[in-house]
Amino acid sequence: MTPEQSFSRWVRVALGIFILAFGYFVLADNYAPMTPQAQVQRYVVPVAPRVAGQVSRVWVENNQPVAVGDLLFELDDSDYRLALERTELALGLAETERERQRAAVRAAGSLLEQQRLQAQELEREAARLGRLRRDGHLSIQQLEQAQNLAAQAQSGLASAEARLQEARQGARAAEVGLRQAENARAQARLALSRTRVRAELAGRVGNLQLKEGIYARAGGPLLALVSEQAWVTADLREKSLRHVATGTPVGIVFDALPGEVFRGHVESIDSGVREGQQAADGQLAQPVSSDRWVRDAQRLRIQIGLEEPLPALATGAKATVQLFPANNWLFRAMGRIQLWLASQLRYLY
């Protein structure tokens, strides 16, 4: 075989390999997509005190596991104890004022009853004297005196009724003041209880930036709680998701566990990305300027649920995800081979 023939043969072999590889990658990208852009995610909850104060004691260490209700740290509660004592004193005064106003209502009610009885008696007396006057047994002066006394009794009755209404209003105001004092005491107790910050979910302490003596501001995060609940997210090109749907089988290889393959399925596909979100700020749209002939493909995120217990991996641990969207033995075999190769390569890097 001449050198020219040998060279021509190698060129044909290279072209054949290129065509086969190109066809394989096109098929695999559509019917057996794989991505190394995957990672473990967990809920991370910032922990911040709901009241301000100086940190008096820290009960946990970084990366320590905690359960719901475990004490994380305490704030100096001396100011909050004094505030609670003030509200209790104010509550005592409010209770005393309420009892005083209730007694005033009872006294005003008794006085009103006395005035009513007296007014009724004087009215009867004036009516009796009026009959005597008509019979000629009584002078007009005596009748007028009796009528004046009856009118004065009616005025006293109206005044007693007004005093009773005033006393009742004072009693209602005292009840409102008592409820306000009770609310103030409840708020003071709540603020005092919040000087002891506890875990609201089970997990591990992360990013602990806390020492005794630090002044903590209300709402300022001082540590994070990393939840035990975990899932895997993966980013794939839009074209690769054409045949992917909820429930599509998935194989996962974690970088931290080379050679091991975990089974899962697609739980959801995100409906969009941040680049497609436009703020209604009154500004005109700004198209993306690019002189590239082939632009970067857009990627969408999918959420993956594991069908077996997730190993103890750190939040953000990287993984490679292989999807099996096509119910075809050939494409499934291609995906399994790709995933096996990825799991072996994890031993190298």
Original post:
What GluC sites (Glu not before Pro) in the stretch 22-87 are in a loop by DSSP, with at most 11 other Cβ atoms within 10 Å of the Cβ?
Top reply: 61
Original post:
Between residue 202 and residues 5 or more places away or on another chain, which pairs have amide H atoms under 5 Å apart, with H built 1.01 Å from N, and which residues are they?
Top reply: 68
Subject >> Centroid-to-centroid separation of the stretch 5-54 and the stretch 290-334 [C-alpha atoms, Å] >> reply: 8
Original post:
Remind me, what semi-axes does the stretch 195-240 give for its equivalent ellipsoid, largest first in whole Å, using sqrt of 5 times each Cα gyration tensor eigenvalue?
Top reply: 34, 13, 9
Subject >> Built amide H within the under 5 Å cut-off of residue 59, gap 5+ >> reply: 73, 74
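Is the stretch 1-134 best put as rounded, prolate or oblate by its Cα gyration tensor, with a ≥ b ≥ c the root eigenvalues, rounded for a/c under 1.5, and otherwise prolate when a/b is larger than b/c, oblate when not?
Oblate, since a/c reaches 1.5 and b/c is not below a/b.
How would you order 2-12, 176-186, 249-259 from highest to lowest mean count of nearby Cβ atoms within 10 Å?
249-259, 176-186, 2-12
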Original post:
Could you give me the ³J(HN,Hα) list for the stretch 40-46, computed from phi with Karplus coefficients 6.51, -1.76, 1.60 and θ = phi - 60°, whole Hz, x at Gly and Pro?
Top reply: 7, 10, 9, 6, 10, 10, x
Subject >> the stretch 78-125 and the stretch 254-287: distance between their alpha carbon centers, rounded to Å >> reply: 67
**OP:** May I ask for the percentage of alpha-carbon pairs in the stretch 296-349 that lie more than 18 Å from each other?
**Re:** 54
Original post:
Which three semi-axes in whole Å describe the equivalent ellipsoid of the stretch 240-349, each the square root of 5 times a Cα gyration tensor eigenvalue, listed largest first?
Top reply: 32, 17, 16
Subject >> From phi via Karplus (6.51, -1.76, 1.60), per-residue ³J(HN,Hα) for the stretch 155-166 in Hz, x at Gly/Pro >> reply: 5, x, 5, 5, 5, 5, 5, 5, 5, 5, 4, 5
**OP:** Could you tell me which label, among (1) 43.0, 166; (2) 20.0, 67; (3) 20.4, 62, carries the value of Rg and Dmax of the Cα atoms in Å calculated for this structure?
**Re:** (1)
**OP:** Hey, can you grab everything whose amide H is under 5 Å from the amide H of residue 216? Only 5+ residues off in sequence or another chain; H modelled, so Pro and N-termini drop out.
**Re:** 53, 54, 55
**OP:** Please report, in debye to the nearest 20, how large the charge dipole of the chain is about its Cα centre when each Lys and Arg carries +1 at its beta carbon and each Asp and Glu carries -1 there.
**Re:** 380
**OP:** Output ³J(HN,Hα) for the stretch 319-333: one whole-Hz value per residue in order, computed from phi by the Karplus curve 6.51 cos²θ - 1.76 cosθ + 1.60 with θ = phi - 60°, and x for Gly and Pro.
**Re:** 8, 10, 10, 10, 9, 10, x, 9, 8, 9, 4, 5, 5, 5, 5
**OP:** For the stretch 67-112, evaluate the Debye formula with one uniform point scatterer on each Cα (no solvent term) and list log10 I(q)/I(0) at q = 0.14 Å⁻¹, rounded to two decimals.
**Re:** -0.59
Subject >> Alpha-carbon gyration tensor eigenvalues x 5, square-rooted, for the stretch 190-307, Å >> reply: 38, 27, 14
Subject >> Coarse-grained scattering of the stretch 256-304 at q = 0.13, 0.28 Å⁻¹, given as base-10 log I(q)/I(0) from a Debye sum over alpha-carbon atoms >> reply: -0.62, -1.13
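Here, each number is a calculation from the coordinates, and none is a lab measurement. Please read these numbers as outputs of a predicted model, since none were measured by experiment. Don't worry about glycine lacking a Cβ; one is built from the backbone with ideal geometry, like all the others, and counts go over all protein chains shown.
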